[in-house]
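Just below is one structure, and these are the notes that go with it.
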């Protein structure tokens with residue numbers, strides 16, 4: 001039986017809580033949205049490596065027994081047995097075995113047997129649900145006949161820009177972090193001359209690419225010389241390319257007490273549901289996980305509920321329906337800034353809802369994260385369970401740890417055969433309070449470092 005969380009999600013994105021889904025967890029999608037929207041000059045990077053690709057297995061714990069998950073690799077049999085032993089009902093996994101491509105959707109488009117299976121599912125009423133929509137998923141939908149449970153691609157790209165987020169905040173009257181939007185190099189240079197580091201009113205600024213992700217495309221400007229270097233680099237690139245475009249948001253750097261992430265869902269009729277509010281765990285702008293419940297008082301919770309309703313209404317008016325993750329900040333003085341950016345797509349927490357509903361029981365606290373492991377050879381899932389020992393049993397009072405993705409542990413093993421490699425284990429700690437889940441997460445990291453291999 002699908003979880004209530006999954007049925008509600010299906011109702012919102014398809015109109016029917018019983019719709020069979022074909023899920024694609026395309027974590028690289030934000031990089032694809034950035035095409036045509038240049039940010040600050042920076043070394044090229046890719047989110048399509050083996051480790052990121054294997055994160056698509058997180059979808060297995062969201063989907064239900066009537067759903068399908070498209071991946072580039074089958075799930076590890078030991079992990080499948082483990083998940084079923086917890087009482088979790090897994091989807092059918094369809095492996096994209098076509099020629100290697102940057103994305104799973106593109107690889108699936110070159111898999112004749114998979115396409116035939118998808119056409120059959122389309123005939124039985126299934127719909128394609130990607131983490132976020134890009135041209136690859138649109139092409140797969142056209143080849144397979146699967147309807148896409150998402151708005152059109154132009155709308156999806158538009159609402160995921162950080163410039164869109166900032167303008168939505170300004171237009172709706174939500175509390176905004178002091179800042180500005182720039183869409184040309186000249187606008188950026190003029191702004192830096194007016195309010196750059198060392199100029200009034202800002203002493204330090206953060207510049208964010210409109211489609212930056214995971215700490216990439218983010219630069220802190222804390223002295224005038226650094227600001228001048230960034231302006232010179234952007235100006236030189238613009239002259240070299242004869243292209244003035246530069247899509248960035250510039251904001252005042254605020255001292256903060258906490259980062260927040262909350263999820264809302266907008267259905268076709270415009271109804272908005274606030275799904276959860278969590279405290280985000282970050283380091284250097286890079287997302288590391290979430291802890292819940294967030295430490296917010298009634299007034300702060302009310303501000304988040306109000307912001308979710310306002311954001312959902314504005315998104316619906318602009319043609320967007322579906323799942324939305326919002327990053328927010330609680331300032332050092334307790335002031336809530338309810339929108340740092342809007343991510344109109346699934347997020348890491350989206351994939352955890354079913355696990356929390358199925359396994360947390362009366363345990364109110366959770367901490368979702370990952371831990372790096374440094375390996376010299378692939379490890380079996382049985383080795384991970386042995387390393388965790390009693391931590392991997394969820395006691396109804398004391399809590400415990402659930403492994404949410406194992407494929408990422410050995411994902412890099414074939415990149416340089418015979419050489420050490422780094423993987424990640426994803427997990428959720430469940431417990432009676434924040435202190436308990438923090439302790440469980442720390443114990444998990446120690447156990448992995450001791451028995452599997454610590455990353456250094």
Looking at (1) within 22 Å of residue 25 (Cβ to Cβ); (2) more than 26 Å from the chain's Cα centre (by Cα), find the lone condition where residue 413 falls short.
(2)
Could we say that residue 341 is within 22 Å of residue 270 (Cα to Cα) and touching a helix residue (DSSP H, G or I) at 6+ places or on another chain (Cβ under 6 Å) here?
yes
Tell me, yes or no, whether segment 236-250 has at least one residue that is within 22 Å of the chain's Cα centre (by Cα) and part of a loop (DSSP other than H, G, I, E, B).
no
Please specify each residue of segment 255-279 satisfying the condition of being crowded, with 16+ Cβ neighbours inside 10 Å and in a loop (DSSP other than H, G, I, E, B).
267
So, residue 140, is that one in a loop (DSSP other than H, G, I, E, B), at pLDDT 95 or above and buried (at least 19 other Cβ atoms within 10 Å of the Cβ) or not?
no
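Only one of 125, 98 is without any contact (Cβ under 8 Å) to a residue 60 or more places away in the chain and in a loop (DSSP other than H, G, I, E, B); which?
Matching residue, one of 125, 98: 98.
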Give the residue that is farthest from residue 73 (Cα to Cα), with candidates limited to residues of segment 20-36 that are in contact with a strand residue (DSSP E or B) (Cβ under 9 Å, 6 or more places away or on another chain) and at pLDDT 90 or above.
20
Does segment 320-332 contain at least one residue that is more than 30 Å from residue 423 (Cβ to Cβ), out of contact with any helix residue (DSSP H, G or I) (no Cβ under 6 Å at 6 or more places or on another chain), assigned to a loop (DSSP other than H, G, I, E, B) and not assigned by TED's automatic domain parsing to the domain that holds residue 277?
no
Only one of (1) part of a strand (DSSP E or B); (2) closer than 18 Å to residue 289 by Cβ is not met by residue 351, so which one is it?
(1)
Looking only at segment 425-437, which residues are surrounded by 16 or more Cβ atoms within 10 Å (Cβ to Cβ) and either free of Cβ contacts under 8 Å to residues at least 12 places away in the same chain or in a helix (DSSP H, G or I) (or both)?
434, 436, 437
Considering each residue of segment 128-137, count those that are surrounded by 23 or more Cβ atoms within 10 Å (Cβ to Cβ) and either in a helix (DSSP H, G or I) or not assigned by TED's automatic domain parsing to the domain that holds residue 11 (or both), and give that number.
2
Within segment 67-95, can you find the residues that are closer than 18 Å to residue 351 by Cβ, under 24 Å from the mean Cα position of the chain (by Cα) and in a loop (DSSP other than H, G, I, E, B)?
67, 72, 73, 75, 76, 88, 89, 90, 91
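Condition first: assigned to a loop (DSSP other than H, G, I, E, B) and either in contact with a helix residue (DSSP H, G or I) (Cβ under 8 Å, 6 or more places away or on another chain) or within 22 Å of residue 288 (Cα to Cα) (or both). Now tell me which residues in segment 364-411 satisfy that.
Hits for segment 364-411 are 364, 376, 379, 380, 394, 398, 406, 407, 408, 409, 410, 411.
The values are calculated or read from the model by the stated rules, or taken from the named source; none is laboratory data. A quick note: this is a predicted structure, and the numbers were derived from the prediction, not measured. Quick reminder, even Gly has a Cβ in these numbers, built from the backbone with ideal geometry, and neighbours come from all protein chains shown.
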